[in-house]
Amino acid sequence: MRVLVVVNTRSGGGDAGLYNYVRVLGATGAEITMRFCDTTTALEELVRDATHFDRLVAAGGDGTASALCYAVRNTRVPVLVYPAGTANLLAQNLAMPAEPRQLAEVTLRGQVVSFDLGELERSTGVGTTTIKTGFAIMAGAGYDASIMESARPLKGNLGAAAYLVAAVSNLAPTTARFELTLDGHEITAEGIAVLIVNFGRIQFDVPVAVGADPRDGMLQVAIVRTRNVAALLPALVAGISGANKLPGIDVYAAAHISVVSTPPLPIQYDGETVEATTPFSARVLPHSATLLLPSDSPYAR
């Protein structure tokens, strides 16, 4: 078996278990190629020959995993999400193990399942030129993007707790008027955020969009209609308790989405903030990602 391991040096490169994982794989006779990237690396170049390998391992955080899934979309190369980042939400949604030997076992004998991806398109700020990026978990504009930006300098010291600190430091986020087009239908609403959801669960296993299924060929659009963070607490409690609807959050399903807001709001995708604000558009890429899963994953056949 030929295995390509792509390591984000800002996250996965500091994971001591990664090298134990590689040692276990090598002991099985697997032929392992390791490539390293940072924020200046074009991931597409690192995986240009991905179809020559039997497995692709994304060792890093959610941004690394989703970017690699997007780079090899529709190739059917199975991707192993190695959780070496801060939040590791994709790995949590998939119920990936954390122990290196167990991850090696999933790499060799895990179940192969196809999933949808999302594709975000936004302006570059230069004429009519746009840029497209993929996301596996969710993208959005507003309060969520503000949290990601505030948490970025804190993650090195606080880890996942950086997101909580960032959230409570911004208790009165900007309220905006949203104009959304969902598969040709127009919706207007006011709130603090719009989330485009593929995998629906965030930290503490709380659902953002109840019923989101990353294999149904649709994206969920969650409009957070509250005007402050305190008003989100009922939704948090309802999510933890397993309620079918979260108060203060309206959810729609669509394959093609456009988002305009007044005022313009910052954008994020899978925890990565960008130098851009609304408007943006998104669409689903059905069954374009192929992932390796443990047998106890909720998405395993």
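The values are calculated or read from the model by the stated rules, or taken from the named source; none is laboratory data. Because the structure is predicted, anything quoted here is derived from the model rather than measured. Neighbour counts are summed over all protein chains in view; Cβ atoms, including those assigned to glycine, are modelled from backbone coordinates with ideal geometry.
The set of residues from the stretch 95-115 being small (Gly, Ala, Ser) and under 14 Å from Ala30 (Cα atoms) comprises just one member, Ala104.
Please verify whether the stretch 59-67 includes one or more residues that are surrounded by fewer than 18 Cβ atoms within 10 Å (Cβ to Cβ), at pLDDT below 95, acidic (Asp, Glu) and in contact with a helix residue (DSSP H, G or I) (Cβ under 8 Å, 6 or more places away or on another chain). Scanning the stretch 59-67 turns up no residue that is surrounded by fewer than 18 Cβ atoms within 10 Å (Cβ to Cβ), at pLDDT below 95, acidic (Asp, Glu) and in contact with a helix residue (DSSP H, G or I) (Cβ under 8 Å, 6 or more places away or on another chain). Looking only at the stretch 72-98, which residues are under 14 Å from the mean Cα position of the chain (by Cα) and either within 15 Å of Pro214 (Cα to Cα) or at pLDDT 95 or above (or both)? Listed by number, the residues that qualify are Val81, Tyr82, Leu89, Leu90, Ala91, Gln92, Asn93, Leu94. Quick check on my filter: what residues within the stretch 275-295 are of a type outside the set (Gly, Ala, Ser) and either in a strand (DSSP E or B) or on the phi > 0 side of the Ramachandran plot (or both)? Those that are of a type outside the set (Gly, Ala, Ser) and either in a strand (DSSP E or B) or on the phi > 0 side of the Ramachandran plot (or both): Glu275, Thr277, Phe280, Arg283, Val284, Leu285, Pro286, His287, Thr290, Leu291, Leu292, Leu293.
Residue by residue, here is whether (1) over 30 Å from Thr278 (Cα atoms); (2) of a type in the set (D, E, K, R) holds:
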| site | (1), (2) |
| --- | --- |
| Ala98 | yes, no |
| Leu103 | yes, no |
| Arg109 | yes, yes |
| Phe115 | no, no |
| Gly118 | no, no |
| Arg122 | no, yes |
| Thr133 | no, no |
| Ala136 | no, no |
| Ala141 | no, no |
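Exactly one residue out of Val112, Val79 is crowded, with 24+ Cβ neighbours inside 10 Å, touching a Ser or Thr at 6+ places or on another chain (Cβ under 7 Å) and not small (Gly, Ala, Ser): that is Val79. Total residues in the stretch 191-215 satisfying the condition of being surrounded by fewer than 16 Cβ atoms within 10 Å (Cβ to Cβ) and either of a type in the set (A, V, I, L, M, F, W, C) or at pLDDT below 95 (or both): the figure is 5. Within the stretch 16-54, the set of residues being of a type in the set (Asp, Glu) and more than 19 Å from Gly110 (Cβ to Cβ) comprises Asp38, Glu44, Glu45, Asp49.
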